[in-house]
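As structure tokens, the structure follows; a few thoughts come after it.
Just so it is clear, none of the values below were taken in a lab; they were calculated from the coordinates. Keep in mind that this is a model prediction, so the values were computed, not measured.
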Amino acid sequence: MRSKLLRGTPTATLALALLPPLLGAGCGDMPADVDDPAAGTEAAVLSCTAPACKKFTDSTGTISIRVKTCGWVTATGTRGRQTAVAKCSVDTDAGYALVGGGAEIENSVSPGALLRSSIPDQETSFTVPLPNGGTTSAYANWVARSAEYGSTNSTAHRVRAYSIGLKLVGLSADEIAGNITWTDGSSGDGSPHVQTAQVGELFIGGGATVLPYDAKLYLTNSEPDTFKNGWYVAIANNGDGATGDAKSYVASLKPCPIRMNMTTWGCLTASSNATMGSGSGGYISTTLTESGTANMVTAIGGHGYSFPNQTVKRFITDLIPGTSTQGTTIISKNTATSAAGGNIPWTLTIAKN
């Protein structure tokens with residue numbers, strides 16, 4: 001189901017009862033695994049060589065998306081509470097600006113770990129100039145954080161991050177980034193939060209995290225809100241009473257990007273797509289495929305649900321962008337209580353107007 005996404009204008013809602021309230025040519029070998037997490041957060045940022053990268057180009061030849069897969073980082077710490085942080089860069093030298101990303105815990109369906117973050121990396125924030133003067137913030141990396149939830153594994157789990165880069169032919173990476181506005185916010189009390197996109201701009205991306213990053217909390221939702229006005233985050237503990245906060249990020253793009261010389265590149269539209277999948281067992285996987293080349297995927301998200309017992313939490317273990325065809329795969333897990341259910345994966349896309 002697809003709906004247009006221009007923030008501040010009426011949009012069709014997705015008619016799914018369990019919605020939250022509110023990815024061309026290949027671009028070498030994958031390097032060796034990263035086992036030292038201290039070094040891993042940097043060492044896992046790979047150069048863009050096949051099969052680490054996949055490029056998708058739209059039917060007009062003017063919009064490209066590069067999905068980059070970065071290396072595995074091994075968790076460390078006390079068994080049952082081991083954590084990992086992985087990062088993935090966007091290739092600004094090749095003309096791409098970061099618009100989204102993803103996170104994957106290796107071998108879901110067994111590692112006993114859940115996601116805490118899939119967001120732009122605050123440590124790699126930088127400023128780019130605006131055509132009319134001033135600056136705005138952009139990001140060089142996407143970051144994924146994972147943690148075991150109490151299950152004692154025979155080996156430490158591993159996590160890796162993905163980045164999604166946007167290229168508009170004729171614009172530099174800085175010019176693209178200068179047309180994107182990143183904002184973020186939190187609920188302040190751990191309740192679900194929607195960070196809304198800029199009014200009059202295209203809603204093209206987002207991410208979510210628990211706060212603080214080491215809180216014993218995990219993502220249950222990281223996705224567009226029901227009305228596609230912003231990015232929705234919800235979190236939960238694993239029954240131990242842990243508390244913290246929920247924070248989301250949103251990326252908004254000017255509908256008609258402007259070059260530094262104040263000329264207009266052209267105009268774009270944005271839309272969203274979602275599907276529903278069901279299953280049984282501790283882990284459930286659902287894939288959403290974006291067909292054709294008219295729409296380019298800029299962001300992925302989703303959530304898991306339990307049914308008929310909707311009080312049982314399903315936590316996100318994987319938010320994986322498509323690397324052979326555009327789309328996403330989400331994997332969710334229930335922990336203390338077993339229940340049937342499924343997932344609702346989302347994509348945000350843009351197209352030449």
Long-range alpha-carbon pairs in segment 222-273, meaning those over 13 Å apart, account in percent for 72 percent
Checked against a 23 Å limit on the C-alpha separation, the offending pairs among Lys54/Lys333; Lys68/Lys333; Lys55/Lys352 are Lys54/Lys333; Lys68/Lys333
Once amide hydrogens are built 1.01 Å from N within the peptide plane, the residues lying 5 or more places from Gly190 or on another chain with amide H under 5 Å from its amide H are Ala246
The ratio Rg/Rh over the Cα atoms of segment 255-353, Rh being the Kirkwood inverse mean 1/r radius, stands at 1.16
Shape call for segment 224-313, from the Cα gyration tensor axes a ≥ b ≥ c (a/c under 1.5 means rounded, otherwise prolate when a/b beats b/c, else oblate), comes out oblate
Whole-percent tail of the Cα-Cα distance distribution for segment 88-225, cut at 22 Å, equals 44 percent
If the chain between Ala340 and Phe126 were fully extended at 0.36 nm per residue, the gain over the current Cα-Cα distance would be 72.6 nm
Semi-axes a, b, c in Å (a largest) for segment 139-186, each sqrt of 5 times a Cα gyration tensor eigenvalue, come to 36, 14, 6
